[in-house]
Amino acid sequence: MEQAVRKRRTAHLAPVPCVPESDISLKELVRTLWRGKWIILACAIALGAVATAVGMSKPTLYRASVVVAPVSTPANANDATNALLSQFSNIAALTGLPLGNSNGRAEALAILDSSSLVTAYIRRNNLIPLLYPDLWDATARRWRVQSEAEVPTLWQASQFFSNNVKSVTEDTRTGTLTLTITWTDPTLAARWANGLVALTNEYLRSKAIEEAERKIAYLQGEAAKTSIVQVQNAIYSLLELQIKSAMLARGTPEYALRVVDAAVPPERPAAPRPLLWTLAGLCTGFFAGALFVLARTAWRASP
């Protein structure tokens, strides 16, 4: 009897099993979100609909890509010249013949990715009206602007094209370059991609021919100045190399960049993607609704 009374007196002193605060907070969080489920659902649907509408309003864009490989022959055309000059270093010093290497691959990549190439292509093909269709009246063939200052300049068109239309990537594993054009017209996108590669080859080919002709003229002048047989033999060997280099440039359309996979008009658009816009809107709406519900609950619970 005394033991029973003692147990009843000490029962209130027994430890109460504690529940971790994290469990209580998580349960309360779930209950709060569940109570506000309709608000969260409404926010998700609303932002999902808005995102879908925005995505559908975006212009349809197509991507056309051309894959090229830098040609090793032009890049190494000067290697034989430099090797020959190294054999006659003393003679080269006497005649003033230049020694040095030319990195044709790096030059081809730099030209392909340069703004000057874009500027030349836009000027040659008169692309400014096509790049700004909202400002150009194709029927009247004039700009829809209030003043001449609002007419896009060649520099502005070049910057827009370089930053928004053209991109160049390099595959370090295979050594190939990919030029991608993103535009609203798939045919124009493919034409511009192939055209920029062709213009790069044309520019580097013309530069190589001019350089070879300049060296030929220089070597011919040096040959006429000297009577030393050894020097004349070295000069004539160099002349032969430069003449071959000029002939190679004239007869090789793909002088610096060889087309591995030419660009073709794509049949499927690259953007916009309404499904991705919808999913992004739904996720954003869900988190926005959840934050609203939690903030409202915290505000009501505050004294």
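From the list 217, 223, the one residue that fits, being over 29 Å from residue 68 (Cβ atoms), assigned to a helix (DSSP H, G or I) and at pLDDT 85 or above, is 217. Here residue 205 meets each of (1) charged (D, E, K, R); (2) more than 28 Å from residue 61 (Cα to Cα); (3) touching a strand residue (DSSP E or B) at 6+ places or on another chain (Cβ under 6 Å) with one exception, condition (3). Confirm whether residue 264 is part of a loop (DSSP other than H, G, I, E, B), under 44 Å from the mean Cα position of the chain (by Cα), among the β-branched types (Val, Ile, Thr) and modelled with pLDDT of 80 or more. In short, yes. Of the numbered criteria (1) basic (Lys, Arg); (2) at pLDDT below 90; (3) not in a helix (DSSP H, G or I), the one residue 63 fails is (2).
None of 117, 179, 109 is closer than 30 Å to residue 254 by Cβ, surrounded by 12 or more Cβ atoms within 10 Å (Cβ to Cβ), at pLDDT below 90 and touching a Leu at 6+ places or on another chain (Cβ under 7 Å) except 109. A single entry from 224, 217, 271 fulfils the requirement of being closer than 30 Å to residue 41 by Cα and either touching a strand residue (DSSP E or B) at 6+ places or on another chain (Cβ under 6 Å) or without any contact (Cβ under 8 Å) to a residue 40 or more places away in the chain (or both): 271.
Taking the criterion of being within 16 Å of residue 133 (Cα to Cα) and of a type in the set (A, V, I, L, M, F, W, C), the residues of region 184-198 that qualify are 188, 189.
Of all residues in region 128-183, those satisfying the criterion of being in a loop (DSSP other than H, G, I, E, B) and of a type in the set (A, V, I, L, M) are 135, 138, 140, 145, 151. With respect to (1) surrounded by fewer than 18 Cβ atoms within 10 Å (Cβ to Cβ); (2) in contact with a helix residue (DSSP H, G or I) (Cβ under 7 Å, 6 or more places away or on another chain); (3) not hydrophobic (A, V, I, L, M, F, W, C), the lone exception for residue 206 is condition (2).
The values are calculated or read from the model by the stated rules, or taken from the named source; none is laboratory data. Everything numeric in this text was worked out from a predicted model, so none of it was measured. As a convention, Cβ positions derive from the backbone with ideal geometry for all residues, glycine included, and neighbour counts pool all protein chains shown.
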